[in-house]
Amino acid sequence: MLIAFGVAILGRWAHKQSIGAGTIVRALFAILVIAALDDGETEPIAKGFASLFLVAVLLGKNSPLNAIQNIK
């Protein structure tokens, strides 16, 4: 989750977009939920959610991968 959050920040920076307080609050909430699930029997679920978040960030419109593609 921390990697997904870092990639999301990097992507917004690469697209010259600001990072608002709402974005940070949503990311911290997601990190806390995943951290709460990351124990015992629910650990595979937490890993799956974290993977989904990372894929969503990497394939989103503010992805750093899209910024690399648009370099001129």
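The values are calculated or read from the model by the stated rules, or taken from the named source; none is laboratory data. Please read these numbers as outputs of a predicted model, since none were measured by experiment. Here the Cβ is made from the backbone with ideal geometry for all residues, glycine too, and neighbour counts use every protein chain on show.
Assorted remarks:
- When residues in the stretch 32-48 are screened for being buried (at least 16 other Cβ atoms within 10 Å of the Cβ) and touching a Leu at 6+ places or on another chain (Cβ under 7 Å), 1 of them pass.
- Residue ID - nearest to the chain's Cα centre (by Cα), chosen from residues in the stretch 5-42 that are at pLDDT below 90 and of a type in the set (Asp, Glu): ASP38
- Any hit, the stretch 43-54, residues being in contact with a helix residue (DSSP H, G or I) (Cβ under 7 Å, 6 or more places away or on another chain), in contact (Cβ under 8 Å) with a residue 24 or more places away in the chain and not in a helix (DSSP H, G or I): no
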